[in-house]
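J.: I am attaching a structure below and will ask some questions about it afterwards.
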Amino acid sequence: MTAGIVSDLGFVEEMGRVRTFLNGWIDRVGPDLKPLLEWQFVEGSKYFRPLTIFGCYRAKFGGKNGADIPDAMIRSAAVLEMMHNMTLIVDDILDHSDERRGIPSLHAKFGQLPALMASGFIVAEGFEMSAEDPHDIRLFADLVKRLGVAECAQWRLRRQPLGVADWEAIAGEDTGSMFETCACLATRDDSLRKFGRLIGMVYHGCDDVGDVKGLEGLGGGGEEDLRDGILTLPASLAIQDRTICDMFCKPEPSLEELEQIKHAMIAQLPAADAHLDKLATDAKWQAQTQTSDPGVLVELVDYTRELSRR
């Protein structure tokens, strides 16, 4: 999915180095966990977060023909991808999702206990790989803590009469924290932290919108969020209608009520797109004011924004 933008931005070689790093790590793992890691880190991975790291690095330190991506940054990108995969494993278990990227999810293939143990192993390995870099260790530790709090908060706030500002707070921690970390890993400071948070929120919102479009056009995608009363961007807009809000907040809405909520969310897609356009504009402004060569980040924002339109 990201192959085109990786090529357009000139990061094909760097992305190959990330894959080589991860494959080399998996090859060294013992027989009990190696098959699980091989299954989880499939070639279908989007690697969008490493791409964001490389984009932020180039924007900060040099243009397309400027600073090369150092080996330490490849390691940082690989470890960040490992942390991301830990969250995917846990999310699939929480959501009872038996498929990811068109293949069985890790717990569906190997069982819930092995999948949970693999997620912990991945995080521990990532910290060990970063042991000699206190800067990365602090960022990864902060990220894992923030993700844990964000997931608990999102679960606690299910079926609540909240709004777009609440969605922004959730998206900013749930996905924005991951992209903040990408930016800070790349620049080694906080200069692009706000950019990272904003592009993460755009990514989160585009995923929300894409799920609703899947409900409308494909008969699938987004059912788990709808079933569980998760505050997605379209939901935060739809429940401004009191009748829809009352149905959304029920502990167990009927199938008919879920269908009404779904159609109310579909009706709010133009408003959701408009909100995402504003967030994307804000992200571009951060890139333009915080770097001397923002072109790569502007392209990255544009690409992210298009994800929900495909």
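We did not get these values from a lab; they are worked out from the coordinates using the rules stated. Computed from a predicted structure; not experimentally measured. Every residue, glycine among them, receives a Cβ derived from its backbone with ideal geometry; neighbour counts consider all protein chains shown.
J.: Among Val42, Val123, Val202, rank each residue by its count of other Cβ atoms within 10 Å, from fewest to most, as a rough exposure measure.
T.: On the way: Val42 11, Val123 17, Val202 29.
Ranking Val42, Val123, Val202 by Cβ neighbours within 10 Å, fewest first, gives Val42, Val123, Val202.
J.: Let me ask something else about it. Return one number: the angle in degrees, 0 to 90 and rounded to the nearest 10, between the long axis of the Cα atoms of helix 255-267 and the longest principal axis of the Cα atoms of the chain.
T.: 60
J.: Go through region 149-166 residue by residue and turn each phi into a ³J(HN,Hα) via Karplus (6.51, -1.76, 1.60, θ = phi - 60°); whole Hz please, and just put x for glycine and proline.
T.: Karplus values, whole Hz, x for Gly and Pro: 5, 4, 5, 5, 5, 4, 5, 5, 8, 4, 6, 9, x, 9, x, 5, 4, 5.
J.: Residue by residue, what Karplus-based ³J(HN,Hα) values in Hz, rounded to whole numbers, does region 292-297 have, using 6.51, -1.76 and 1.60 with θ = phi - 60° and x for Gly and Pro?
T.: Per-residue couplings from phi come out as 8, 9, x, x, 5, 6 Hz.
J.: Which Cα, out of Pro31, Ile170, Ala186, lies furthest along the positive dipole direction of region 3-309 (beta carbon charges, K/R +1, D/E -1)?
T.: Checking the options against the dipole of region 3-309, the answer is Ala186.
J.: Given springs between every Cα pair under 10 Å in a Gaussian network model of the chain, which of Gly62, Gly196, Gly172 has the largest fluctuation?
T.: Gly62
J.: Sequence-distant or interchain residues sharing an amide H contact under 5 Å with Arg100, placed H: which?
T.: Ser105
J.: Please compute the length gained on full extension between Lys278 and Trp155, using 0.36 nm multiplied by the number of residues separating them and subtracting their Cα-Cα distance. All intermediate terms of the calculation are to be shown ahead of the outcome.
T.: Details: separation 123, 0.36 × 123 = 44.28 nm, distance 2.67 nm.
Computed gain between Lys278 and Trp155 is 41.6 nm.
J.: Treating the angle as unsigned and between 0 and 90°, give the value, to the nearest 10°, between the Cα long axis of helix 112-129 and the longest Cα principal axis of the chain.
T.: 40
J.: In sequence order, what are the phi-derived ³J(HN,Hα) couplings for region 81-94 according to the Karplus relation 6.51 cos²θ - 1.76 cosθ + 1.60 with θ = phi - 60°, rounded to whole Hz, with x for glycine and proline?
T.: Result, rounded to whole Hz: 5, 5, 4, 4, 5, 4, 5, 5, 4, 5, 4, 5, 5, 4.
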